[in-house]
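Okay, structure first, notes after.
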Amino acid sequence: MEALQNLFSIGFQVAFQPMNLFYCLLGVMAGTTIGVLPGLGPSAGLAVLLPLTFGMDPTAGIILLAGIYYGSMYGGSLTSIMINTPGAPSSVATAIDGYQMTLQGRVGPAMGMDAFASFIGGTVGIIIFTFLAPMLAGVAIAFGPPEYFALMILGLTALVSMAGDDPIKGYISAFIGLFLAMVGLDLVTGAPRFTYGSLRLMGGFNFIPVTMGLFGISEIIISSIGKEKKLHIPTENLKLRKLLPSWQDWKDSRIGLIVGSLSGSAVGVLPGAGATIASFIAYDSTKKLAKNKEQFGKGAIAGVAAPESANSSASILSMVPMLTLGVPGSASTAIMMGALLMFGMRPGPLLFDNNPEFVWGLVGSMYIGNFFLIIASLLLVPIFARIVLVPRGLLNAVVMAFILIGAYSLDNSMFTVFMTLIFGVVGVILKFLKIPVVPLVLALVLGRLMEISLRQSLIMSQGSAFIFFSRPISGTLMAISIIAVLYPFIKKLIQKSRNTSKES
């Protein structure tokens, strides 16, 4: 096959050059470090480290940036598991069960499965990238505004499974998130909405301070007032041999690994969809297919494997539309596309033909970088796992400092710091009311994108909502979403009628 021949004859020869190997390893390690620090994330890390590539060889530069990208995507999940503070939007789903495993003293298996799931999902994504990139780019072209709106609606149906036994509370949380997404300038008219004269709110709420407040600050407050579970992890259980997932863990995670890798690849190739939607869809789909549905949200290891494998595969595949169509798949790939233009490379269908060493060298470095990532992560798991043994007061102080510094560094403004603290208090209130915060975060992330797709679709159809059901792809996605929303209510009615018949 031509793709396989190009990979071995061009890709690996370029990737195995000593300097390219060095930049690949450097990017992976720097990316993992950036992901672990709350408030940075892949896009901020790429933006900060982009000047390092000035004057570099284009192939070495893109290898370094790619390593930073998928390294930080993995690093963001570590803080989700250890301290319930996602380092990136795509790591929110990992925190649902990952942090519960930490509270149960199983931080090692959670981080080990996180590393293996990232490796498996990334490898699947790279293989699909290698052989199917042109074809996948053609599929992505078929998605217009109605299809994107339907896809995001499908992503929001994951709220049902994240809301526990009371889906109404999940939708309350989601509506709060959608309202927050509406704050700022109207996307069409440019009129301010819900800003109350504040110039700071013209751009809307940034995802990072909201997430750090709802997850990180709220956990610190709750643990400080004595509501947090105490961790009891014997030191001998933190050796590498005992930190690796058991055979039963692998057995429980197999569906999540398969579903996550495939769904992440399918969603990641769509421009603008990204790893966040992929991770939530993978989590929701895995829960629906699992036999132990009741364990999800309480420390199911499949709840770590599914979103993390989807996160990695979607991260890799999100570079397909950037390289083949010149359309970034996420904020991070938008920065990488800017680097391509800076290197004098023009993204598009001709990039593979005009610059084969550049493209196939990048593909070859992904295989190597993924291998570097699994080795480094397994070696660092015992070190990271020991963080949970740090006295809670000291850990809270350090985490609080990182969160507030990260919030301030976003735009060098104390307003962002105050917003982070406010959302920390909101998170505490929501948790005491037993309203899940994950639907709020997901709705905030998708809100603006949904509104853009909705209004573009209505403009195309001259105001008719029938456009979402008349097109094959969007109609199918909308039908699945409606069934997913109605299913828990229908299930409750059936159970209620059965109980009534039994009593009679």
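The values are calculated or read from the model by the stated rules, or taken from the named source; none is laboratory data. Computed from a prediction, not measured in an experiment: that's the story for all the values here. Glycine gets a Cβ as well: all are built from the backbone with ideal geometry, and neighbour counts include every protein chain shown. Side chains included, ligands, DNA and RNA excluded: accessible areas come from the protein's heavy atoms. Shrake-Rupley method; radii C 1.70, N 1.55, O 1.52, S 1.80 Å.
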With label points set 7 Å from each Cα along the Cα-to-Cβ direction at ILE375 and ALA191, the distance between them in nm comes to 6.0
Once label points are set 7 Å from the Cα along Cα→Cβ at both LYS434 and LEU394, what is their separation, rounded to one decimal in nm? 3.7
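Using only the Cα atoms of region 70-125, build the gyration tensor, take square roots of its eigenvalues as a ≥ b ≥ c, and label the shape rounded, prolate or oblate: rounded if a/c is under 1.5, else prolate if a/b is larger than b/c, else oblate. All intermediate terms of the calculation are to be shown ahead of the outcome.
Values: a/c = 2.30, a/b = 1.39, b/c = 1.65.
Cα axes put region 70-125 in the oblate bin.
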Each label sits 7 Å from Cα toward the beta-carbon; between ILE422 and ILE482 the label points are separated, in nm, by 3.9
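Per residue, how much accessible area does region 389-504 have with a 1.4 Å probe, in Å²? Show your work: numbers first, answer last.
Numbers: 6860 Å² over 116 residues.
Each residue of region 389-504 exposes 59 Å² on average to a 1.4 Å probe.
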Given a Förster radius of 41 Å and the C-beta distance between MET202 and SER497 as r, what FRET efficiency does 1/(1 + (r/R0)^6) yield to the nearest 0.05? 0.20
LEU185's amide H: which non-local residues (gap 5+, or another chain) put their own amide H closer than 5 Å, with H modeled 1.01 Å from N in plane and none for Pro or chain starts? ARG193, GLY204
Once phi for every residue in region 338-346 is put through the Karplus expression 6.51 cos²θ - 1.76 cosθ + 1.60 (θ = phi - 60°), the whole-Hz ³J(HN,Hα) values, with Gly and Pro written as x, are x, 5, 4, 5, 5, 6, x, 9, 9
Rounded to the nearest 0.05, what FRET efficiency do MET342 and ARG448 have when you use their Cβ-Cβ distance and R0 = 35 Å? 0.80
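Please quote Rg/Rh for region 425-504 to two decimal places, taking the Kirkwood radius as Rh and restricting both calculations to Cα atoms. Walk me through the intermediate numbers first.
Working: Rg = 18.8 Å, Rh = 16.3 Å.
Here the Rg-to-Rh quotient is 1.16.
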From largest accessible area down, sort SER263, SER173, SER409; use a 1.4 Å probe on the protein chains. SER409, SER263, SER173
